[in-house]
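Chemist: I have a structure here, written as structure tokens, and I will follow up with some questions on it.
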Amino acid sequence: MTIELTNITKNFGAFAALDGVDLKIADGELLALLGPSGSGKTTLLRIIAGLDWPDGGDVSFDGENALKRGAGERQVGFVFQHYALFRHMTVFENVAFGLRVKPRAIRKDEASIRARVKELLDLVQLDWLADRYPGQLSGGQRQRIALARALATEPRILLLDEPFGALDAKVRKELRRWLRSLHEEINVTSVFVTHDQEEALEVANRVVVMDKGKIEQVGTPGEVYDYPATAFVHGFIGESVVLPVNVAEGRVWIGDQPLNITAPNVGGPSKLYVRRHDMQVGSESIGLRGAVRHVRSFGAIQRADIAVCAGGNETLIEIDTPRDHALRTGETVELHPRRFRIFAD
Amino acid sequence: MRGSGVVTAGSGRRNTLPGFGLTMGLTLTWLSVIILIPLAGLFLKTFELSFAEFANIVTSRRTLNALKISFGLAFGAALVNLVMGSIVVWALVRYRFPGRRIFDAIVDIPFALPTAVAGIALTSLFAQKGWLGAPLAELGIKVAFTPLGIFIAMIFIGIPFVVRTVQPVLIDLDPEIEEAAASLGANRWQTIWRVILPSLIPALLTGFALAFARAVGEYGSVIFIAGNLPNVSEIAPLLIVIRLSEFRYADATAIAVVMLIVAFLIILVVNRLQYWAQTRIPVH
Ligand SMILES: Nc1ncnc2c1ncn2[C@@H]1O[C@H](COP(=O)(O)OP(=O)(O)OP(=O)(O)O)[C@@H](O)[C@H]1O
Ligand SMILES: [Mg+2]
């Protein structure tokens, strides 16, 4: 099932939660929606599921308008961040719910329902919990039951809202890997929301980075990490060092010091973005230097706070360098970005 | 989520919640002074009667009828309140309509109104020439001074108990539960019946028990509208008052003891039901 979103807008009062979102999701994809809190991820997911309606724009599934159908008719499985399990039903009945509420004409008989639920509980590896109530499960178990419940009716699309948000780091890692292999097994078009970049980069085929109700970039995990399209994406994904610069006629200035690098497509006040591990300390000079303020060493690297003079102001940056070249507090070092990006302000 | 903050005595393990001894002592003392000692007095008073006399009083036709009227009508009224109260709660919580706050406040009136005032108001409303009594009389339905009048008074005083116990639970119900049901293909009716209602059962049972208990014990508002005909429209509390005014104290307490025991048994059953419903839904 492909999903196509065209120019989706959604306002809450005067506040634009979604502001012209365009997105195409291919069949069988595992897509991550990544963005800071309040960026509109949940809102977008709810609109796809039919739990909310956009103020403008179109949603289509396989080229067919989905907006004229309600949540129950979209064949979308939704996994809520806080699971939303039915507390008065056993795990078994929770998973069976979607099968039991079908119109009588297409409802399966009791034996088939039981077989299907058993199959799903096996899939999430929790068949031994069938008779428990949700209140008697751990967070990770609830999450998997919520997933089994959503999958019971064979949805054509699976939507997961921060599926691992409430779990501790170790369980998250386990479930992450598990979700990936599950997706490989059932291969249903899936979108999951997260604000954990590591999770998005590790699990998804493609990542959508959102900010303030807009899509900033869509790409594979490698693309968004290595070629961030905007300053926001560079800052949001991975660790960045940011320096204020000025670009005039292709030349880059930091304060009144020209740098021996070029920035062809930008002009005026800008920001220089460098990955923390791409900032090298060494002999090569591009005109960027700073004073070492503080050094901490752990493992193979040393992390240093370096004060860079930019015009009248000092900017304190944090970089990671190998330990073979020991830095001393107080010394002035040449800085050389192996790779960098410049974005106009 | 699993530890529900309940501390059991004598579990042999030091619990982390301090003050168990103190609060338990206070609770027992307080309940004894306020409830148990007066009740014990009631029982002691009946011992002035021989068992045969006691049996005679409580199995007399008039007593049995009064008890039947009190408990039967109270049970019926509590059932009506359970159904109608749920609908009222639903409307008050789930819909926004003009005057909602006023309706919400009106629910409390039976709580606040002196019961005699309520009784007189209901009586004049349902009397043969009253606003409601007159049209009903045309249909051949007589309310005032009949068991039907008692029934209506009991509904009147019971409604806030159901509404006020269920309302906060419905407000707190996670909307995502309903969205989950909808997204799994349940229609509105299935969602209410299979998801919302079961979540409200403990609260509904509490509301029912409170409305029932109140209706059984109600005196003030009922006696005005009841007509108070022995064996037909005479409630047990009234019979007790009558016996008291005849200085037949032992008779009065005998009836009271029976009321007490029956009421206690019914509430016990409701409590068990509630416990059963609640353990099926472990609290967060
Ligand atoms: N029902 C609502 N009424 C008013 N404002 C809302 C409503 N739902 C969402 N918003 C606002 O819309 C914005 C986007 O919300 P959304 O829940 O989509 O964010 P999110 O990206 O999922 O954030 P998080 O990562 O914190 O879950 C937020 O600023 C939020 O306050
Ligand atoms: Mg969210």
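Chemist: Starting from the 7 Å offset along Cα-to-Cβ, what nm value, one decimal, do you get for the label separation of A:K170 and A:H277?
Modeler: 2.5 nm
Chemist: How many angstrom lie between the C-alpha centres of the range A:147-167 and the range A:1-52?
Modeler: 17 Å
Chemist: Here is a follow-up. If you bin every alpha carbon distance in the range A:202-301 into 5 Å steps from zero, what whole percent lands in each bin?
Modeler: Spelled out per bin, shortest first, that is 2, 10, 17, 19, 18, 15, 11, 7, 1.
Chemist: Using a probe radius of 1.4 Å on heavy atoms only, what accessible surface per residue do you get for the protein assembly as shown? Whole Å² is fine. Please list the in-between numbers first.
Modeler: On the way: 31230 Å² over 629 residues.
For the protein assembly as shown, the per-residue accessible area is 50 Å².
Chemist: By a straight-distance test (C-alpha under 14 Å), which aspartates and glutamates pair with A:K41 as possible cross-link partners, with residues fewer than eight away in the same chain excluded?
Modeler: The qualifying aspartates and glutamates are A:D19, A:D22, A:D52, A:D161, A:E162, A:D196, A:D211, A:E216.
Chemist: Sticking with this structure for a sec: Taking the Cα centroid of the range B:20-53 and of the range A:267-300, what is the distance between the two, rounded to the nearest whole Å?
Modeler: Cα centres, the range B:20-53 to the range A:267-300: 82 Å.
Chemist: Let me ask something else. May I ask for the distance between the Cα centers of the range A:63-108 and the range B:157-198, given as a whole number of Å?
Modeler: 17 Å
Chemist: Within the range B:231-253, whose backbone N sits under 15 Å from a point 7 Å along Cα→Cβ of B:K45?
Modeler: Once the point is set 7 Å along Cα→Cβ of B:K45, B:237-253 turn out to lie under 15 Å by backbone N, inside the range B:231-253.
Chemist: How large a share of the accessible area of the range B:66-127, in percent, is made up of carbon and sulfur atoms when the probe is 1.4 Å and the other protein chains stay in place? Don't skip to the answer; put the middle values down first.
Modeler: Values: 2540 of 3260 Å².
Carbon with sulfur: 78 percent of the solvent-accessible area.
Chemist: Moving on to the next point. Name the residue, out of B:L79, B:L184, B:L238, whose mean-square fluctuation peaks in a Gaussian network model built on chain B with Cα pairs under 10 Å.
Modeler: Taking springs between Cα atoms under 10 Å, the residue moving most is B:L184.
Chemist: For B:V222, what is the net charge nearby, where nearby means another residue's Cβ is under 13 Å from its Cβ and Lys, Arg count +1, Asp, Glu -1?
Modeler: On the way: positive: B:R214; negative: B:E218, B:E234.
The answer is -1.
Chemist: Assuming a ≥ b ≥ c are the square roots of the Cα gyration tensor eigenvalues, decide whether chain B counts as rounded (a/c under 1.5), prolate (otherwise, with a/b larger than b/c) or oblate.
Modeler: Working: a/c = 2.32, a/b = 1.17, b/c = 1.99.
Oblate, since a/c reaches 1.5 and b/c is not below a/b.
Chemist: Under 10 Å, Cα contacts only: if you run a Gaussian network model on chain B, which one of B:M84, B:M24, B:M259 comes out with the highest mean-square fluctuation?
Modeler: Comparing B:M84, B:M24, B:M259 in the GNM, the peak value goes to B:M24.
Chemist: Here's another thing I want to ask about it. Do any residues of the range A:97-122 lose at least 40 Å² of accessible area when the full set of protein chains is present rather than just their chain alone, and if so which, with a 1.4 Å probe?
Modeler: Those are A:F97, A:V101, which lose 40 Å² or more relative to the chain on its own.
Chemist: Show me the three semi-axes of the equivalent ellipsoid for chain A, from the C-alpha gyration tensor (sqrt of 5 times each eigenvalue), largest first, rounded to whole Å. If you can, show how the numbers build up before the last one.
Modeler: On the way: eigenvalues 463, 117, 42 Å².
Semi-axis lengths for chain A are 48, 24, 15 Å.
Chemist: Another question, if that's okay. Would you mind computing, in nm to one decimal, how far apart the modelled labels at B:R94 and A:D19 are, each placed 7 Å from Cα along Cα→Cβ?
Modeler: Once both label points are built, they end up 3.7 nm from each other.
Chemist: With r as the distance between the Cβ atoms of A:R177 and A:D305 and R0 = 41 Å, compute the FRET efficiency 1/(1 + (r/R0)^6) and round to 0.05. Mind showing how you got there, number by number?
Modeler: Values: r = 36 Å, r/R0 = 0.87.
E(calc), rounded to 0.05, equals 0.70.
Chemist: In the Gaussian network model of chain B, springs joining C-alpha atoms below 10 Å, which of B:V241, B:V89, B:V163 carries the largest mean-square fluctuation?
Modeler: In the Gaussian network model the winner is B:V241.
Chemist: Starting from 0 in steps of 10 Å, tell me what percent of the Cα-Cα pairs of the range B:179-250 lands in each bin.
Modeler: 17, 26, 18, 15, 14, 8, 2
Chemist: Let me ask another. Leaving ligands, DNA and RNA out of it, report the carbon-plus-sulfur percent of the accessible area of chain A at a 1.4 Å probe. Please report the intermediate quantities before stating the final value.
Modeler: On the way: 7430 of 15310 Å².
The nonpolar share, carbon plus sulfur, comes to 49 percent.
Chemist: With an 8 Å Cα cut-off and a minimum separation of 6 or more residues, compute the relative contact order for chain B in percent. Each step should come with its number before you reach the end.
Modeler: On the way: 299 pairs, mean separation 85.0, N = 284.
After rounding, I find 30 percent.
Chemist: Turning to a different aspect of this structure: Please enumerate, by chain and number, the aspartates and glutamates with C-alpha under 18 Å from the C-alpha of B:K142, excluding those fewer than 8 residues away in the same chain.
Modeler: Once the sequence-local aspartates and glutamates are set aside, what remains near B:K142 is B:E234.
Chemist: To the nearest 20 debye, what charge dipole does the range B:80-190 have about its Cα centre, counting +1 at the Cβ of each Lys and Arg and -1 at the Cβ of each Asp and Glu? Let's see the in-between values first.
Modeler: Values: 8 positive and 8 negative charges, 96 e Å.
Its charge dipole is roughly 460 debye.
Chemist: Looking at the square roots a ≥ b ≥ c of the eigenvalues of the Cα gyration tensor of the range A:1-79, which shape do they give, rounded for a/c under 1.5, prolate if a/b is larger than b/c, or oblate?
Modeler: Working: a/c = 1.58, a/b = 1.31, b/c = 1.21.
Cα axes put the range A:1-79 in the prolate bin.
Chemist: Also, quick follow-up: Under a cut-off of 16 Å between alpha-carbon atoms, report the lysines in cross-link reach of A:K118, not counting same-chain residues fewer than 8 places apart.
Modeler: A:K108
Chemist: Another one. Output the Kirkwood hydrodynamic radius of the protein assembly as shown, Cα pairs only, in Å rounded to one decimal. The partial results should precede the final answer.
Modeler: Values: mean 1/r = 0.0323 Å⁻¹.
The Cα-based Kirkwood calculation yields 31.0 Å.
Chemist: If we count chymotrypsin sites (Phe, Trp or Tyr not before Pro) as exposed when they sit in a DSSP loop and have at most 12 other beta carbons within 10 Å, what is the longest stretch of chain B that avoids them all? Intermediate results must be reported in sequence, preceding the final value.
Modeler: On the way: sites that count: B:F47, B:Y95, B:W131, B:F247.
In short, B:132-246.
Chemist: Another question, if that's okay. Buried accessible area for the A:B pair, summed, 1.4 Å probe, in Å² rounded to 100?
Modeler: Values: alone 16420 and 17060 Å², together 31230 Å².
Rounded to the nearest hundred, the buried surface is 2200 Å².
Chemist: If you bin every alpha carbon distance in the range A:121-182 into 5 Å steps from zero, what whole percent lands in each bin?
Modeler: Cα pair-distance distribution for the range A:121-182, in percent: 4, 16, 30, 26, 19, 5, 0.
Chemist: Dipole of chain A (Lys/Arg Cβ +1, Asp/Glu Cβ -1, origin at the Cα centre): which of A:G135, A:T153, A:G35 lies farthest to the positive side?
Modeler: A:G135
Chemist: Let me ask something else about it. Using protein chains only (no ligands, no nucleic acids) and a 1.4 Å probe, work out which residues of the range B:179-220 have their accessible area cut by at least 50 Å² relative to the chain alone.
Modeler: Output list: B:E179, B:S183, B:L184, B:R194.
Chemist: Moving on. Report for the protein assembly as shown the percent antiparallel among DSSP-assigned beta bridges with both residues inside it, nearest 5.
Modeler: If we restrict to bridges inside the protein assembly as shown, about 80 percent are antiparallel.
Chemist: I need the per residue convex hull volume for the range A:272-330, using only the alpha carbons, in cubic angstrom as a whole number.
Modeler: Values: hull volume 5.2 nm³, N = 59.
Each residue corresponds to 88 Å³ of Cα convex hull volume.
The values are calculated or read from the model by the stated rules, or taken from the named source; none is laboratory data. Here the structure is a predicted model, which means the values were calculated and not measured. Cβ sites come from the backbone with ideal geometry, for glycine too, and all protein chains shown count toward neighbours. Accessible surface areas use protein heavy atoms only, side chains included; no ligands, DNA or RNA. Shrake-Rupley method; radii C 1.70, N 1.55, O 1.52, S 1.80 Å.
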